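In what follows, a single structure is set out as structure tokens and then discussed.
The values are calculated or read from the model by the stated rules, or taken from the named source; none is laboratory data. These numbers were taken from a predicted model, which means no experiment stands behind them. Quick reminder, even Gly has a Cβ in these numbers, built from the backbone with ideal geometry, and neighbours come from all protein chains shown.
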Amino acid sequence: MSEMAMYRRWQLHSIDKNVRTLPRLITTIADPAAFQKRDPSDDGDGWTISEVLGHLGDFELYFGARARHIGAGAEEPPQPSMRPAEAVVAQGYAQQDAADLLERWRGLRADSLAFFLSLNVEDDELWQGSAPFGGGPFSLNNQLILTAMHDCDHMNQIVKIIES
């Protein structure tokens, strides 16, 4: 197994573990008031837990579509219609039930993970193929790494909300 294939397996394992970790984090919140708190690192104007979960679902929709486009060799994947913070407000995630948003994310993540697992981790050409994103190319390798990192960042955000 190549070194890059080994890294891809690690990343796939990480995002698979997050499917168990994030629900456990959410379902162990004992204080219902925690769901009304906002991320304190944004001077108290940050997202609520429901908004974080809604954003995670949006990420899966958008980046799952991007990954499928890249995997299919498409040149220009779909672009989001608005910034994440705007989408969170527009979708009204703060007023939605965290359990419902968590289940939405879990279903979307299952689809994304199934797609990634359907790819040959040894096929470096496939994983290094890219499509335009922001200021430059974006590969399936980039997508996989970003997905794992994005999960960790937002799980940490949820922990900060709970602890505030």
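Looking at ILE158, ILE162, can you tell me which residue is assigned to a helix (DSSP H, G or I), crowded, with 16+ Cβ neighbours inside 10 Å and more than 16 Å from the chain's Cα centre (by Cα)? Step through it out loud before you land on a result.
Working: ILE158 fails: more than 16 Å from the chain's Cα centre (by Cα).
Step by step, each of ILE158, ILE162 is checked, and only ILE162 is assigned to a helix (DSSP H, G or I), crowded, with 16+ Cβ neighbours inside 10 Å and more than 16 Å from the chain's Cα centre (by Cα).
Which count do you get for residues in segment 112-124 that are over 18 Å from PRO80 (Cβ atoms) and assigned to a helix (DSSP H, G or I)?
6
Restricting to segment 86-111, give me the number of residues that are in contact (Cβ under 8 Å) with a residue 60 or more places away in the chain and either closer than 16 Å to GLY64 by Cβ or over 17 Å from the mean Cα position of the chain (by Cα) (or both).
Residues that pass the stated criteria total 4.
Could you run through segment 16-64 and say how many residues are surrounded by fewer than 21 Cβ atoms within 10 Å (Cβ to Cβ), aromatic (Phe, Trp, Tyr) and under 17 Å from ALA94 (Cα atoms)?
The number of residues fulfilling the criteria is 1.
Is at least one residue of segment 67-79 closer than 16 Å to ILE15 by Cβ, modelled with pLDDT under 95 and within 14 Å of the chain's Cα centre (by Cα)?
Yes, the conditions are met somewhere in segment 67-79.
Being touching a strand residue (DSSP E or B) at 6+ places or on another chain (Cβ under 8 Å), in a helix (DSSP H, G or I) and of a type outside the set (D, E, K, R) is true for just one of TRP127, TRP105. Which residue is that?
Unique residue meeting the criteria: TRP127.
Could you check ALA85 against (1) closer than 22 Å to ALA34 by Cβ; (2) modelled with pLDDT of 95 or more and say which number it fails?
Failed condition: (2).
Could you list, in sequence order, the residues of segment 50-85 that are touching a residue at least 12 places away in the same chain (Cβ under 8 Å) and not in a helix (DSSP H, G or I)?
GLY73, ALA74, GLU75, GLU76, PRO77, PRO78, PRO80
When only residues in segment 65-100 that are surrounded by fewer than 19 Cβ atoms within 10 Å (Cβ to Cβ) and among the basic types (Lys, Arg) count, which is farthest from ASP124 (Cα to Cα)?
ARG83
Regarding ASN141, is this residue assigned to a helix (DSSP H, G or I) and in contact with a helix residue (DSSP H, G or I) (Cβ under 8 Å, 6 or more places away or on another chain)?
Yes; evaluated as a whole, the condition is true for this residue.
Taking the condition in contact with a helix residue (DSSP H, G or I) (Cβ under 7 Å, 6 or more places away or on another chain) and small (Gly, Ala, Ser), does GLY129 pass? Talk me through it step by step, then tell me what you get.
Numbers: in contact with a helix residue (DSSP H, G or I) (Cβ under 7 Å, 6 or more places away or on another chain): yes; small (Gly, Ala, Ser): yes.
When the stated conditions are applied, GLY129 passes them.
Kindly provide the set of residues from segment 101-117 that are of a type in the set (A, V, I, L, M) and buried (at least 17 other Cβ atoms within 10 Å of the Cβ), ordered by number.
LEU101, LEU102, LEU108, LEU113
All but one of (1) in a loop (DSSP other than H, G, I, E, B); (2) of a type in the set (Lys, Arg); (3) out of contact with any helix residue (DSSP H, G or I) (no Cβ under 9 Å at 6 or more places or on another chain) hold for ARG24, so report the exception by its number.
Just one mismatch for ARG24, condition (1).
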